[in-house]
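Down below is the structure, laid out as structure tokens.
The values are calculated or read from the model by the stated rules, or taken from the named source; none is laboratory data. Bear in mind the structure is a predicted one, so any value in this text is a computation, not a measurement. Note that each Cβ is placed from the backbone with ideal geometry, even for glycine, and that neighbours are counted across all protein chains shown. These area figures cover heavy atoms from the full protein model, side chains too; ligands, DNA and RNA do not enter into them. Shrake-Rupley method; radii C 1.70, N 1.55, O 1.52, S 1.80 Å.
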Amino acid sequence: MNLKKKIIAGVDEVGRGSLAGPVVSAAVILKKGNRLKHIKDSKKLNFNQRLKLSKHIKKNSFFSIGIASVKEIEKLNILQASLLSMKRAILSLSKKPDLILIDGIFAPQVVGECKTIVKGDEKIQCISAASILAKVYRDKLMIKMSKKFKHYCWNKNFGYGTKQHIAGLKKHGLTTLHRKNFRPIHKMLLK
């Protein structure tokens, strides 16, 4: 099959290094003829840029989100939970891809041709789009959760191990959204 005629999905995940919350993946198939400007790795965009681009991407693509919960992260490990969230995103696409391009070196086990690409979120537009959608989805989720768990600054750090988050942990302890097998959290549990 001609590569130009293939339906190509880009897949990326966010939240692997976070101390709290789920890992989230997105799968994106850009609609034909839509070369979206300013799409790049979500880490190179600020929050407002990602929000604006995510709306544009959603209008010009077939996309889906896959999530692996904190319990799944603790049960499986973060790599396997990341692959599970990717698999869920891929399987939830309304259009089935001929080729799946995945950021990184690991691919979930799914039916279809998969290709991993190191720094794919910097090189391949559909992976960059997936990176943005996954990041926006997870950030919004952590902002929502920060209203319930106010002491950890998740509305700013999105669950990552910043000074404010660690200070909140030391003062207020763990929540149900904290990953108990991650080193900083695990060390606190041992004290």
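The residue that is most open to solvent (accessible area, probe 1.4 Å), among those in region 94-135 that are charged (D, E, K, R) and farther than 20 Å from Gly15 by Cβ, is Lys123. Out of all the residues in region 108-118, is one or more at positive phi, in contact with a strand residue (DSSP E or B) (Cβ under 8 Å, 6 or more places away or on another chain) and free of Cβ contacts under 8 Å to residues at least 60 places away in the same chain? Yes: one or more hits.
Can you spot a residue in region 68-77 that is at pLDDT below 95 and either touching a strand residue (DSSP E or B) at 6+ places or on another chain (Cβ under 8 Å) or in a loop (DSSP other than H, G, I, E, B) (or both)? For region 68-77, residues at pLDDT below 95 and either touching a strand residue (DSSP E or B) at 6+ places or on another chain (Cβ under 8 Å) or in a loop (DSSP other than H, G, I, E, B) (or both): absent. Of the listed requirements (1) surrounded by 17 or more Cβ atoms within 10 Å (Cβ to Cβ); (2) small (Gly, Ala, Ser); (3) farther than 26 Å from Phe62 by Cα; (4) free of Cβ contacts under 8 Å to residues at least 60 places away in the same chain, Gly159 misses just one: (4).
Of Leu101, Leu83, Leu91, all but one fail to be touching a strand residue (DSSP E or B) at 6+ places or on another chain (Cβ under 6 Å) and of a type outside the set (S, T, N, Q); the exception is Leu101.
Of all the numbered requirements in (1) closer than 15 Å to Arg50 by Cα; (2) open to solvent by less than 50 Å² (accessible area, probe 1.4 Å); (3) not polar (S, T, N, Q), Gly173 misses one, and that requirement is (1). Can you find a residue that is farther than 19 Å from Lys140 by Cα, open to solvent by 20 Å² or more (accessible area, probe 1.4 Å) and either out of contact with any Leu (no Cβ under 7 Å at 6 or more places or on another chain) or modelled with pLDDT under 95 (or both) anywhere in region 40-49? Yes.
The single condition among (1) in contact with a helix residue (DSSP H, G or I) (Cβ under 8 Å, 6 or more places away or on another chain); (2) part of a helix (DSSP H, G or I); (3) open to solvent by less than 20 Å² (accessible area, probe 1.4 Å) that Asp12 does not meet is (2).
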